[in-house]
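**Student:** Input: one structure, supplied below.
The values are calculated or read from the model by the stated rules, or taken from the named source; none is laboratory data. Given the structure is predicted, the values throughout are model-derived calculations rather than measurements. Here the Cβ positions follow ideal geometry from the backbone for every residue, glycine too, while neighbour counts run over all protein chains shown.
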Amino acid sequence: MKIKSFILAAVFSASTLLAFAQKGEISSAKSNYEKFVSLKEAASLVLAMPNIKSAKASIDKAVVNEKTMADPTAWTYKSMIYGELAIIDTIPATSRPLFDEAVAAYKKAVELDKAGANKANLDNVFASVFSQYELNQGVKAYQTNNFEVAYNAFNNALSYRPGDTTLTYYTGLSAINAKNYKVGIANYEKLVKTNFSANQSIYLDLSRLYTLEGDTVKAIAFASEGAAKFNDNQLATLEIELSLMSGKEKEVISKITEQAQKSPTNKTYPYYLGIAYSSLNEILKAEEAYLQAIKIDPSFADAYINLGGVLLNKGINTFNVANKLPQNKQKEYDDMIKLANADFEKAFPYLEKASTLDPKSRLALENLKTYYIVKRNQAKVDEITAKLGSLQ
(Lines give C-alpha, C1' and ligand atoms only; values in the text may rest on other atoms or scores of the structure.)
Protein backbone atom coordinates (compact mmCIF):
# COMPACT_ATOMS: atom_id res chain seq x y z
CA MET A 1 0.00 0.00 0.00
CA LYS A 2 2.81 2.34 0.84
CA ILE A 3 4.54 1.63 -2.46
CA LYS A 4 1.36 2.23 -4.44
CA SER A 5 0.74 5.46 -2.55
CA PHE A 6 4.25 6.62 -3.30
CA ILE A 7 3.82 5.95 -7.00
CA LEU A 8 0.49 7.78 -7.11
CA ALA A 9 2.03 10.69 -5.27
CA ALA A 10 4.93 10.78 -7.70
CA VAL A 11 2.62 10.83 -10.72
CA PHE A 12 0.50 13.57 -9.17
CA SER A 13 3.57 15.66 -8.47
CA ALA A 14 4.86 15.39 -12.05
CA SER A 15 1.51 16.50 -13.43
CA THR A 16 1.36 19.41 -11.03
CA LEU A 17 4.89 20.46 -11.91
CA LEU A 18 4.05 20.43 -15.63
CA ALA A 19 1.02 22.66 -15.06
CA PHE A 20 3.10 24.98 -12.92
CA ALA A 21 5.74 25.07 -15.65
CA GLN A 22 3.20 26.24 -18.21
CA LYS A 23 1.76 28.77 -15.77
CA GLY A 24 5.35 29.91 -15.42
CA GLU A 25 5.45 30.67 -19.16
CA ILE A 26 2.47 32.99 -18.70
CA SER A 27 4.18 34.64 -15.74
CA SER A 28 7.39 34.98 -17.74
CA ALA A 29 5.52 36.50 -20.67
CA LYS A 30 3.76 38.92 -18.33
CA SER A 31 6.99 39.89 -16.55
CA ASN A 32 8.91 40.46 -19.77
CA TYR A 33 6.03 42.39 -21.31
CA GLU A 34 5.90 44.72 -18.31
CA LYS A 35 9.67 45.22 -18.48
CA PHE A 36 9.35 45.99 -22.19
CA VAL A 37 6.72 48.66 -21.56
CA SER A 38 8.72 50.20 -18.76
CA LEU A 39 11.99 50.30 -20.73
CA LYS A 40 10.28 51.57 -23.89
CA GLU A 41 8.78 54.49 -22.01
CA ALA A 42 11.73 55.28 -19.73
CA ALA A 43 14.75 54.36 -21.86
CA SER A 44 14.56 53.26 -25.48
CA LEU A 45 12.95 50.74 -27.77
CA VAL A 46 16.35 49.16 -28.49
CA LEU A 47 16.84 48.28 -24.82
CA ALA A 48 13.27 47.06 -24.52
CA MET A 49 13.31 44.73 -27.55
CA PRO A 50 14.92 41.68 -25.87
CA ASN A 51 12.08 41.65 -23.34
CA ILE A 52 9.28 41.68 -25.92
CA LYS A 53 11.04 38.88 -27.82
CA SER A 54 11.30 36.82 -24.64
CA ALA A 55 7.67 37.57 -23.85
CA LYS A 56 6.66 36.32 -27.31
CA ALA A 57 8.66 33.11 -26.90
CA SER A 58 6.98 32.37 -23.57
CA ILE A 59 3.44 33.18 -24.66
CA ASP A 60 3.78 31.14 -27.86
CA LYS A 61 4.43 28.09 -25.66
CA ALA A 62 1.63 28.86 -23.22
CA VAL A 63 -1.18 29.18 -25.80
CA VAL A 64 -0.47 25.80 -27.43
CA ASN A 65 -0.02 23.74 -24.28
CA GLU A 66 -3.09 21.78 -23.24
CA LYS A 67 -2.67 22.91 -19.64
CA THR A 68 -2.89 26.64 -20.43
CA MET A 69 -4.41 26.90 -23.87
CA ALA A 70 -7.81 27.68 -22.33
CA ASP A 71 -6.39 30.28 -19.94
CA PRO A 72 -7.80 33.73 -20.86
CA THR A 73 -4.74 35.44 -19.38
CA ALA A 74 -2.48 33.64 -21.86
CA TRP A 75 -4.54 34.85 -24.80
CA THR A 76 -4.79 38.33 -23.33
CA TYR A 77 -1.02 38.62 -23.14
CA LYS A 78 -0.62 37.14 -26.59
CA SER A 79 -2.87 39.89 -27.91
CA MET A 80 -0.91 42.56 -26.06
CA ILE A 81 2.50 41.22 -27.06
CA TYR A 82 1.65 40.64 -30.72
CA GLY A 83 -0.04 44.02 -30.89
CA GLU A 84 3.13 45.75 -29.72
CA LEU A 85 5.23 43.73 -32.15
CA ALA A 86 2.92 44.75 -35.00
CA ILE A 87 3.36 48.41 -34.07
CA ILE A 88 7.15 48.07 -33.93
CA ASP A 89 7.37 46.31 -37.31
CA THR A 90 7.47 48.94 -40.05
CA ILE A 91 7.08 46.49 -42.95
CA PRO A 92 3.39 45.93 -43.81
CA ALA A 93 3.98 42.44 -45.19
CA THR A 94 5.20 41.24 -41.80
CA SER A 95 3.43 43.63 -39.42
CA ARG A 96 -0.07 42.87 -40.69
CA PRO A 97 0.12 39.12 -39.88
CA LEU A 98 1.30 40.03 -36.37
CA PHE A 99 -1.61 42.41 -36.00
CA ASP A 100 -4.08 39.81 -37.27
CA GLU A 101 -2.70 37.36 -34.68
CA ALA A 102 -3.17 40.00 -31.98
CA VAL A 103 -6.80 40.54 -32.99
CA ALA A 104 -7.50 36.81 -33.10
CA ALA A 105 -5.93 36.39 -29.66
CA TYR A 106 -8.04 39.26 -28.33
CA LYS A 107 -11.21 37.58 -29.55
CA LYS A 108 -10.16 34.28 -27.98
CA ALA A 109 -9.38 35.98 -24.67
CA VAL A 110 -12.76 37.73 -24.61
CA GLU A 111 -14.47 34.41 -25.30
CA LEU A 112 -12.63 32.66 -22.46
CA ASP A 113 -12.63 35.47 -19.88
CA LYS A 114 -16.07 34.76 -18.41
CA ALA A 115 -15.17 36.27 -15.04
CA GLY A 116 -13.77 39.46 -16.58
CA ALA A 117 -10.43 39.17 -14.80
CA ASN A 118 -8.57 40.46 -17.88
CA LYS A 119 -11.08 43.13 -18.87
CA ALA A 120 -8.82 46.09 -18.12
CA ASN A 121 -5.97 44.73 -20.25
CA LEU A 122 -8.32 43.68 -23.03
CA ASP A 123 -9.97 47.09 -23.11
CA ASN A 124 -6.55 48.72 -23.26
CA VAL A 125 -5.24 46.57 -26.10
CA PHE A 126 -8.42 47.15 -28.07
CA ALA A 127 -8.59 50.92 -27.65
CA SER A 128 -4.89 51.78 -27.48
CA VAL A 129 -2.74 49.15 -29.16
CA PHE A 130 -5.04 48.21 -32.04
CA SER A 131 -6.00 51.82 -32.77
CA GLN A 132 -2.34 52.88 -32.63
CA TYR A 133 -1.39 50.24 -35.18
CA GLU A 134 -4.08 51.37 -37.63
CA LEU A 135 -3.25 55.01 -36.95
CA ASN A 136 0.38 54.37 -37.86
CA GLN A 137 -0.66 52.65 -41.08
CA GLY A 138 -2.90 55.57 -41.93
CA VAL A 139 -0.18 58.14 -41.34
CA LYS A 140 2.26 56.26 -43.57
CA ALA A 141 -0.30 55.98 -46.36
CA TYR A 142 -1.32 59.63 -46.07
CA GLN A 143 2.29 60.80 -46.23
CA THR A 144 2.69 58.99 -49.55
CA ASN A 145 -0.60 60.43 -50.89
CA ASN A 146 -2.28 57.04 -50.80
CA PHE A 147 -5.45 58.59 -49.47
CA GLU A 148 -7.84 55.69 -49.99
CA VAL A 149 -5.58 53.36 -47.98
CA ALA A 150 -5.14 56.09 -45.37
CA TYR A 151 -8.90 56.51 -45.08
CA ASN A 152 -9.43 52.76 -44.55
CA ALA A 153 -6.70 52.64 -41.88
CA PHE A 154 -7.96 55.69 -40.00
CA ASN A 155 -11.52 54.39 -40.21
CA ASN A 156 -10.34 51.07 -38.78
CA ALA A 157 -8.58 52.94 -35.97
CA LEU A 158 -11.81 54.79 -35.30
CA SER A 159 -13.64 51.48 -34.91
CA TYR A 160 -11.34 50.76 -31.95
CA ARG A 161 -11.80 54.25 -30.48
CA PRO A 162 -15.33 55.36 -31.42
CA GLY A 163 -15.85 59.08 -31.05
CA ASP A 164 -12.15 59.97 -30.92
CA THR A 165 -12.08 63.44 -32.48
CA THR A 166 -8.52 63.26 -33.83
CA LEU A 167 -9.21 59.96 -35.58
CA THR A 168 -12.55 61.30 -36.85
CA TYR A 169 -10.69 64.28 -38.31
CA TYR A 170 -8.02 62.10 -39.95
CA THR A 171 -10.70 59.80 -41.36
CA GLY A 172 -12.65 62.71 -42.82
CA LEU A 173 -9.54 64.45 -44.16
CA SER A 174 -8.33 61.30 -45.93
CA ALA A 175 -11.77 60.70 -47.42
CA ILE A 176 -11.85 64.26 -48.76
CA ASN A 177 -8.39 63.92 -50.30
CA ALA A 178 -9.58 60.66 -51.86
CA LYS A 179 -12.47 62.74 -53.31
CA ASN A 180 -14.97 60.77 -51.25
CA TYR A 181 -16.71 63.98 -50.21
CA LYS A 182 -19.87 62.46 -48.76
CA VAL A 183 -17.87 60.38 -46.25
CA GLY A 184 -15.62 63.33 -45.48
CA ILE A 185 -18.64 65.53 -44.82
CA ALA A 186 -20.22 62.88 -42.57
CA ASN A 187 -17.11 62.76 -40.38
CA TYR A 188 -16.74 66.54 -40.28
CA GLU A 189 -20.38 66.93 -39.27
CA LYS A 190 -19.68 64.65 -36.31
CA LEU A 191 -16.79 66.92 -35.31
CA VAL A 192 -18.81 70.14 -35.16
CA LYS A 193 -21.04 68.50 -32.58
CA THR A 194 -18.00 68.15 -30.30
CA ASN A 195 -15.46 70.55 -28.80
CA PHE A 196 -12.78 69.59 -31.34
CA SER A 197 -10.04 72.23 -31.25
CA ALA A 198 -10.01 72.82 -35.03
CA ASN A 199 -13.77 73.21 -35.46
CA GLN A 200 -13.40 76.77 -36.71
CA SER A 201 -11.65 75.52 -39.84
CA ILE A 202 -13.94 72.47 -40.01
CA TYR A 203 -16.94 74.79 -40.46
CA LEU A 204 -15.09 76.50 -43.31
CA ASP A 205 -14.28 73.16 -44.94
CA LEU A 206 -17.87 71.95 -44.55
CA SER A 207 -19.21 75.04 -46.25
CA ARG A 208 -16.77 74.62 -49.14
CA LEU A 209 -17.46 70.89 -49.41
CA TYR A 210 -21.21 71.43 -49.63
CA THR A 211 -20.52 74.04 -52.32
CA LEU A 212 -18.60 71.41 -54.28
CA GLU A 213 -21.52 69.03 -53.80
CA GLY A 214 -23.89 71.67 -55.16
CA ASP A 215 -25.80 72.08 -51.90
CA THR A 216 -25.66 75.87 -51.48
CA VAL A 217 -28.31 75.86 -48.74
CA LYS A 218 -26.17 73.73 -46.43
CA ALA A 219 -23.01 75.56 -47.51
CA ILE A 220 -24.55 78.86 -46.37
CA ALA A 221 -25.94 77.27 -43.20
CA PHE A 222 -22.53 76.00 -42.04
CA ALA A 223 -20.81 79.27 -42.95
CA SER A 224 -23.46 81.18 -40.99
CA GLU A 225 -23.33 78.86 -37.98
CA GLY A 226 -19.54 78.91 -37.87
CA ALA A 227 -19.37 82.69 -38.28
CA ALA A 228 -21.74 83.21 -35.36
CA LYS A 229 -20.07 80.60 -33.17
CA PHE A 230 -16.50 81.83 -33.63
CA ASN A 231 -17.07 85.45 -34.71
CA ASP A 232 -15.00 84.52 -37.76
CA ASN A 233 -14.63 87.07 -40.58
CA GLN A 234 -13.63 84.47 -43.16
CA LEU A 235 -16.76 82.42 -42.52
CA ALA A 236 -18.90 85.56 -42.49
CA THR A 237 -17.43 86.60 -45.84
CA LEU A 238 -18.02 83.14 -47.28
CA GLU A 239 -21.66 83.26 -46.15
CA ILE A 240 -22.04 86.64 -47.89
CA GLU A 241 -20.41 85.42 -51.11
CA LEU A 242 -22.51 82.26 -51.25
CA SER A 243 -25.68 84.23 -50.53
CA LEU A 244 -24.92 86.68 -53.33
CA MET A 245 -24.18 83.81 -55.71
CA SER A 246 -27.46 82.09 -54.87
CA GLY A 247 -29.68 85.15 -55.27
CA LYS A 248 -30.19 85.88 -51.57
CA GLU A 249 -29.14 89.52 -51.84
CA LYS A 250 -31.98 90.91 -49.75
CA GLU A 251 -31.42 88.42 -46.92
CA VAL A 252 -27.70 89.12 -46.67
CA ILE A 253 -27.61 92.94 -46.78
CA SER A 254 -27.82 93.28 -43.00
CA LYS A 255 -24.91 90.86 -42.58
CA ILE A 256 -22.78 92.73 -45.11
CA THR A 257 -23.53 96.00 -43.30
CA GLU A 258 -22.60 94.41 -39.96
CA GLN A 259 -19.25 93.20 -41.31
CA ALA A 260 -18.59 96.58 -42.93
CA GLN A 261 -19.09 98.24 -39.54
CA LYS A 262 -16.71 95.78 -37.90
CA SER A 263 -14.06 96.29 -40.60
CA PRO A 264 -14.44 99.85 -41.93
CA THR A 265 -11.16 99.69 -43.87
CA ASN A 266 -12.09 96.48 -45.69
CA LYS A 267 -13.07 97.40 -49.26
CA THR A 268 -14.72 94.02 -49.88
CA TYR A 269 -17.81 94.64 -47.77
CA PRO A 270 -18.99 97.89 -49.43
CA TYR A 271 -18.20 96.23 -52.77
CA TYR A 272 -20.47 93.29 -51.86
CA LEU A 273 -23.08 95.74 -50.65
CA GLY A 274 -22.94 97.39 -54.07
CA ILE A 275 -23.53 94.03 -55.75
CA ALA A 276 -26.50 93.32 -53.47
CA TYR A 277 -28.16 96.71 -54.02
CA SER A 278 -27.48 96.55 -57.74
CA SER A 279 -29.16 93.14 -57.95
CA LEU A 280 -32.18 94.62 -56.16
CA ASN A 281 -32.15 97.56 -58.63
CA GLU A 282 -31.48 100.03 -55.82
CA ILE A 283 -29.07 101.98 -58.02
CA LEU A 284 -28.42 104.97 -55.76
CA LYS A 285 -27.50 102.75 -52.82
CA ALA A 286 -25.35 100.58 -55.09
CA GLU A 287 -23.55 103.69 -56.36
CA GLU A 288 -22.87 104.89 -52.81
CA ALA A 289 -21.54 101.48 -51.80
CA TYR A 290 -19.17 101.20 -54.78
CA LEU A 291 -17.92 104.75 -54.15
CA GLN A 292 -17.19 103.77 -50.55
CA ALA A 293 -15.16 100.78 -51.77
CA ILE A 294 -13.24 103.08 -54.15
CA LYS A 295 -12.64 105.56 -51.33
CA ILE A 296 -11.02 102.78 -49.29
CA ASP A 297 -8.97 101.59 -52.28
CA PRO A 298 -8.72 104.05 -55.19
CA SER A 299 -7.18 101.32 -57.36
CA PHE A 300 -9.98 98.79 -56.81
CA ALA A 301 -10.63 97.88 -60.47
CA ASP A 302 -13.65 95.65 -59.82
CA ALA A 303 -15.46 98.45 -58.00
CA TYR A 304 -14.86 100.80 -60.95
CA ILE A 305 -16.08 98.13 -63.38
CA ASN A 306 -19.28 97.52 -61.43
CA LEU A 307 -19.99 101.19 -60.73
CA GLY A 308 -19.45 102.14 -64.36
CA GLY A 309 -21.60 99.20 -65.44
CA VAL A 310 -24.45 100.10 -63.08
CA LEU A 311 -24.59 103.70 -64.30
CA LEU A 312 -24.23 102.64 -67.93
CA ASN A 313 -27.09 100.15 -67.60
CA LYS A 314 -29.23 102.76 -65.91
CA GLY A 315 -28.71 105.09 -68.88
CA ILE A 316 -29.41 102.30 -71.38
CA ASN A 317 -32.65 101.36 -69.60
CA THR A 318 -33.79 105.00 -69.64
CA PHE A 319 -32.82 105.30 -73.28
CA ASN A 320 -34.78 102.17 -74.22
CA VAL A 321 -37.89 103.34 -72.35
CA ALA A 322 -37.69 106.72 -74.11
CA ASN A 323 -37.56 105.05 -77.51
CA LYS A 324 -40.76 103.16 -76.76
CA LEU A 325 -42.73 106.36 -76.16
CA PRO A 326 -45.34 107.34 -78.77
CA GLN A 327 -44.57 110.26 -81.10
CA ASN A 328 -46.94 112.60 -79.25
CA LYS A 329 -44.74 112.31 -76.12
CA GLN A 330 -41.85 114.37 -77.52
CA LYS A 331 -41.18 116.37 -74.36
CA GLU A 332 -41.08 113.24 -72.21
CA TYR A 333 -38.81 111.67 -74.80
CA ASP A 334 -36.42 114.64 -74.77
CA ASP A 335 -36.31 114.69 -70.96
CA MET A 336 -35.58 110.97 -70.75
CA ILE A 337 -32.84 111.15 -73.38
CA LYS A 338 -31.21 113.94 -71.35
CA LEU A 339 -31.35 111.74 -68.24
CA ALA A 340 -29.90 108.82 -70.17
CA ASN A 341 -27.03 110.93 -71.52
CA ALA A 342 -26.37 112.27 -68.04
CA ASP A 343 -25.99 108.69 -66.78
CA PHE A 344 -23.70 107.83 -69.71
CA GLU A 345 -21.45 110.77 -68.94
CA LYS A 346 -21.50 109.96 -65.23
CA ALA A 347 -20.49 106.40 -66.01
CA PHE A 348 -17.71 107.30 -68.43
CA PRO A 349 -14.88 108.21 -65.98
CA TYR A 350 -15.46 104.95 -64.08
CA LEU A 351 -15.59 102.92 -67.29
CA GLU A 352 -12.38 104.49 -68.50
CA LYS A 353 -10.63 104.12 -65.13
CA ALA A 354 -11.63 100.45 -64.97
CA SER A 355 -10.06 99.73 -68.37
CA THR A 356 -6.91 101.57 -67.29
CA LEU A 357 -6.58 99.72 -64.00
CA ASP A 358 -7.30 96.34 -65.59
CA PRO A 359 -6.56 96.57 -69.33
CA LYS A 360 -7.05 92.81 -69.73
CA SER A 361 -10.54 92.79 -68.25
CA ARG A 362 -12.95 91.78 -70.98
CA LEU A 363 -15.88 93.13 -68.98
CA ALA A 364 -14.24 96.54 -68.50
CA LEU A 365 -13.51 96.80 -72.24
CA GLU A 366 -16.97 95.59 -73.24
CA ASN A 367 -18.60 98.22 -71.00
CA LEU A 368 -16.40 100.97 -72.44
CA LYS A 369 -17.16 99.76 -75.96
CA THR A 370 -20.89 99.94 -75.20
CA TYR A 371 -20.46 103.54 -74.08
CA TYR A 372 -18.79 104.45 -77.39
CA ILE A 373 -21.47 102.60 -79.33
CA VAL A 374 -24.10 104.71 -77.59
CA LYS A 375 -22.05 107.83 -78.32
CA ARG A 376 -21.64 106.68 -81.94
CA ASN A 377 -17.86 106.96 -81.82
CA GLN A 378 -16.93 104.28 -84.36
CA ALA A 379 -13.19 104.94 -84.18
CA LYS A 380 -13.17 104.12 -80.45
CA VAL A 381 -15.46 101.15 -80.99
CA ASP A 382 -12.98 99.74 -83.54
CA GLU A 383 -10.04 100.45 -81.25
CA ILE A 384 -11.60 98.59 -78.32
CA THR A 385 -12.79 95.76 -80.58
CA ALA A 386 -9.13 95.26 -81.60
CA LYS A 387 -8.07 95.18 -77.94
CA LEU A 388 -10.75 92.60 -77.16
CA GLY A 389 -9.55 90.50 -80.10
CA SER A 390 -6.00 90.48 -78.73
CA LEU A 391 -7.07 89.10 -75.34
CA GLN A 392 -6.43 85.40 -74.73
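**Student:** If only one of 380, 360, 346, 353 is surrounded by 13 or more Cβ atoms within 10 Å (Cβ to Cβ) and more than 25 Å from residue 288 (Cβ to Cβ), which one is it?
**Tutor:** 380 is the lone residue from the list that is surrounded by 13 or more Cβ atoms within 10 Å (Cβ to Cβ) and more than 25 Å from residue 288 (Cβ to Cβ).
**Student:** Please go through region 363-373 and give me each residue that is surrounded by fewer than 21 Cβ atoms within 10 Å (Cβ to Cβ) and among the aromatic types (Phe, Trp, Tyr), ordered by number.
**Tutor:** Passing the criteria: only 372.
**Student:** Here's another thing I want to ask about it. Answer yes or no: is there a residue in region 219-239 that is out of contact with any Ser or Thr (no Cβ under 9 Å at 6 or more places or on another chain) and β-branched (Val, Ile, Thr).
**Tutor:** No; the residues of region 219-239 include none that is out of contact with any Ser or Thr (no Cβ under 9 Å at 6 or more places or on another chain) and β-branched (Val, Ile, Thr).
**Student:** Tell me, which residue of region 297-343 that is surrounded by 17 or more Cβ atoms within 10 Å (Cβ to Cβ) and β-branched (Val, Ile, Thr) is farthest from the chain's Cα centre (by Cα)?
**Tutor:** 318
**Student:** Across region 353-392, what is the total count of residues that are of a type in the set (Lys, Arg), touching a residue at least 24 places away in the same chain (Cβ under 8 Å) and assigned to a helix (DSSP H, G or I)?
**Tutor:** Qualifying residue count for the region: 3.
**Student:** Let me ask something else. Is one or more of the residues making up region 63-73 assigned to a helix (DSSP H, G or I), closer than 30 Å to residue 141 by Cα, of a type in the set (Ser, Thr, Tyr) and modelled with pLDDT of 90 or more?
**Tutor:** No, there is no match, as no residue in region 63-73 is assigned to a helix (DSSP H, G or I), closer than 30 Å to residue 141 by Cα, of a type in the set (Ser, Thr, Tyr) and modelled with pLDDT of 90 or more.
**Student:** Further, regarding this structure: Just need a number here: residues in region 76-110 that are outside any helix (DSSP H, G or I) and charged (D, E, K, R).
**Tutor:** Total satisfying the criteria: 1.
**Student:** Just to verify a result, which residue in region 60-105, among those that are without any contact (Cβ under 8 Å) to a residue 40 or more places away in the chain and acidic (Asp, Glu), is farthest from residue 25 (Cα to Cα)?
**Tutor:** Checked region 60-105; the qualifying residue farthest from residue 25 (Cα to Cα) is 89.
**Student:** Hey, another quick one. Cβ-Cβ under 7 Å, sequence separation 6+ or interchain: first residue in region 168-194 and at positive phi, partner surrounded by fewer than 21 Cβ atoms within 10 Å (Cβ to Cβ). Which pairs?
**Tutor:** Hits for this filter: zero, empty list.
**Student:** Mind checking which residues of region 270-291 are touching a residue at least 24 places away in the same chain (Cβ under 8 Å) and either small (Gly, Ala, Ser) or surrounded by 16 or more Cβ atoms within 10 Å (Cβ to Cβ) (or both)?
**Tutor:** Within region 270-291, 270, 271, 272, 274, 275, 276, 277, 278, 279, 283, 286, 287 qualify.
**Student:** Considering only residues of region 69-115 that are under 15 Å from residue 130 (Cβ atoms) and small (Gly, Ala, Ser), which is surrounded by the fewest Cβ atoms within 10 Å (Cβ to Cβ)?
**Tutor:** Top of the filtered list is 104.
**Student:** Now, a different point. So which of 204, 158 is surrounded by 21 or more Cβ atoms within 10 Å (Cβ to Cβ) and in contact with a helix residue (DSSP H, G or I) (Cβ under 7 Å, 6 or more places away or on another chain)?
**Tutor:** Of 204, 158, the one residue that is surrounded by 21 or more Cβ atoms within 10 Å (Cβ to Cβ) and in contact with a helix residue (DSSP H, G or I) (Cβ under 7 Å, 6 or more places away or on another chain) is 158.
**Student:** Which members of region 119-178 meet the condition of being of a type in the set (S, T, N, Q), within 20 Å of residue 95 (Cβ to Cβ) and not in a helix (DSSP H, G or I)?
**Tutor:** 144, 146
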